[in-house]
Amino acid sequence: MALSRDEGDNWVDETREATYRPGYERVAEQVLALIAELRLQAGDRMPTENELATRLGASRTVVREAIKILSAIGRVRAQKGRGLYVTDDEGMLGSARWSGFFLPADLDHVYLLFEFRRVQEMAAGRLAATRATPVELRTIEAAAETCRQGHLTGEAPLFDRGDEDFHLGIAAASHNQFLLAAVREVRRLQHQSSTIGLHGTIGGHAAEAVEEHAAIYAAIRDGDPEAAAEAAAVHLDNTLEGLPPRNPATRFRLTPTHFRRSGAVPGRTAGTLVAHLGGGSR
């Protein structure tokens, strides 16, 4: 990561600036930031497309594409003849119930989300190792195999489907409905980041993820709670391993101890994360 200061003495990540992102993704990120800045709540009316275009210095066409993305991930609702509204997000961790406002392309938020996910995955693995039924074990094993096939064939959608089924399968095998709901919500928010700032492509950590999934499954199958939790922790740590050092201007100060081996903390937008996570959820 190459950092320099602009004329306003602000830190600028030159690597991030050089990373190409479609205009509608950047505008979608700016719209979410504007919603947070204006303190708009679920159900509040937003500025019109024309007003957004003027305020953000973008064309109406680009703004319209950005709104389509935000509508697809459930952050904005367009009502014909009435305008744009902030979505009433009923998810446990969505804007209506979270004290903050999740910005999918803000790495500060992405890192905090992964920190929470690490806690979830360890707990789910530990419980599944003592509670999984034979049927649930077969479901988890099949999902891991789907991931493997997706990686071997280079089919990103297949890998991502297997990854989703694998992690939700483990959460379901914990037999704790609160944990299952929390895991599902975190993955939903993570999908928002994938849609705006990360592109799902096979590569990066996918090969290692296949082996890590196998290790998690084996520990759960063998009824070893601590081994399952440790394997889950390794999986999440490795997903984030190798990220560049933090931006000195970052608002959150996560230390390297938050991620056992990654030695990385947030401070960049999610648009720069794709090269390190290799796309997809993992």
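Quick note: the coordinates plus some simple rules give every number you see, no bench work behind them. These figures come from a predicted structure and were not determined experimentally. Note: ideal-geometry Cβ built from the backbone for every residue, glycine included; neighbour counts use all protein chains shown.
Tabulated data for the structure shown
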read-out: Within region 118-232, helices (runs of 4 or more DSSP H) holding 3 or more residues that are among the basic types (Lys, Arg) and under 28 Å from Gly74 (Cα atoms); value: 177-196
read-out: Region 53-67 - residue that is in a helix (DSSP H, G or I) and without any contact (Cβ under 8 Å) to a residue 24 or more places away in the chain and, of those, nearest to Arg188 (Cα to Cα); value: Arg64
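For (1) surrounded by fewer than 18 Cβ atoms within 10 Å (Cβ to Cβ); (2) under 19 Å from Asp106 (Cβ atoms); (3) polar (S, T, N, Q), each residue gets a yes or a no:
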{"residue": "Gly23", "(1), (2), (3)": "yes, yes, no"}
{"residue": "Glu29", "(1), (2), (3)": "no, yes, no"}
{"residue": "Ala42", "(1), (2), (3)": "yes, no, no"}
{"residue": "Glu51", "(1), (2), (3)": "yes, no, no"}
{"residue": "Thr54", "(1), (2), (3)": "yes, no, yes"}
{"residue": "Val63", "(1), (2), (3)": "no, no, no"}
{"residue": "Arg75", "(1), (2), (3)": "no, yes, no"}
